[in-house]
Structures are given as structure tokens and as C-alpha cells.
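Shown next, in C-alpha cells, is the structure this report addresses.
The values are calculated or read from the model by the stated rules, or taken from the named source; none is laboratory data. Model, not experiment: these values are computed from the prediction. No Cβ is skipped: glycine too gets one built from the backbone with ideal geometry, and neighbour counts run over all protein chains shown.
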Amino acid sequence: MYVPSHFKEDDIGKLQQYIRDYGFGLLVVADEGGIEANHVPFHLISENDDSLGQLQCHLARSNPVWQRLYNGVRVLVVFQGPDAYVSPSWYENKAETGRVVPTWNYLAVHAEGTARVVEDSTWLTHHLHRLTDQHESGMDSPWSVKGSFKLRFNVKDLEEALAEIRAWGIDADITENPWGRTINISDPDGNRVGVRDEAGFVRQIHARKTA
């Protein structure tokens, strides 16, 4: 991803938080079989502040992409945050100079790593707990993996339920520093305030975050 220096975010802690906040990623595989992309919810595992982290997800066994990941291949995972069109009419210095053009503000993180298939029911159990706990933590009545899965599949234990899901676990160690592209921070303060306060911009961001 091309990232101009004035838009680049290279603080690992912030990039990891962006991944947690916008964890529905695009898993991209490119090899001799061609290019394939799958939209998948990810959970980031980070043992310490210095670690680039490990991305975990799961795929249905009916999804053939797992066969391309089985022996370990390089993958790209793209996380897309809020985005919105920016009109020059929102800039404070439009009236002063007229030297303004439209742009597009967005937040995105690209993470590269080596993926591998995990065939381990214990791993899958822990992954599903982590993934759902992350998103259920703010709910008034958090959903439970253990109890609900047994009821859903009418089985006696979670192991049987996981067999019914027929999913592969996918681990991807992030081996290259993630690249982050942040909102436009090169404009004068007045322009940034104008964009931030503009109703049209706010509506676009709100729609993309809540629709």
C-alpha cells in the first residue's frame, strides 16, 4: 500500500488497536493458483507491546481457500476503518486562496504474515471464546459460546458442537510491520476543523460506522 509519509501511522500500539476496532478483515492469498480474497472476522493476539502480533480467524471447511493455506503461505490482511469524501467547500482557506481540491479521508491497516491451518479443537474453542468475548463484552446480556452452541446443535458437549461447525482454524503471524494510513493530517488546523464539523462529512462517517 502506498502511504505518503504525512499520512503514515507506524505506532504499533495504535495499529494493533485499529485492528481490534475494525477486525472484519480481507484475507488475500496470491500464488500460482491466482488471487483470492475472503472477508473474515479476525482476533488479534498480542503477547506484549513489542510484538507485531498474531491474527487468528476460522473458515468453513467448505471454503476451498484453506487448501492454499495448508502448508503455510504469505498472506495479506486488509482492515478498513471509516472513510468519507471531503468536499473543498468545507475547507476554511477555500475563500482565502481557492487552491483546494476534493479528497478522500480514510483509515486502513495492511498486515502481512505467514498463514497456517490449525486442526485442533482446543485451539478452535479458545479462538471462538476470544472472538465472541471481544465483541460481546459491551452487550447488556453477553452471548455464551459454551451454552449456546450445545443448544444450537442439540449435542452434549462443546466438542461435538465444534465438529458440526466444520471450521478450520487459521493462524497468521504478522512478520512485517503493519502499514497504516490515517486521515488527512497535512492540512492546516482550520481546514481540519472545518471538515470535522461539516454535517455532510459527519453523516458519511456515521453511516459507515453504524449502518
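Keeping to the stretch 67-102, report how many residues are out of contact with any helix residue (DSSP H, G or I) (no Cβ under 8 Å at 6 or more places or on another chain), modelled with pLDDT of 85 or more and surrounded by 12 or more Cβ atoms within 10 Å (Cβ to Cβ).
8
Among the residues of the stretch 101-134, count how many are in contact (Cβ under 8 Å) with a residue 60 or more places away in the chain and either outside any strand (DSSP E or B) or under 15 Å from the mean Cα position of the chain (by Cα) (or both).
Result for the stretch 101-134: 14.
Out of the residues in the stretch 1-58 that are of a type in the set (G, A, S) and surrounded by 13 or more Cβ atoms within 10 Å (Cβ to Cβ), state the one that is farthest from T125 (Cα to Cα).
For the stretch 1-58, the residue satisfying everything is A30.
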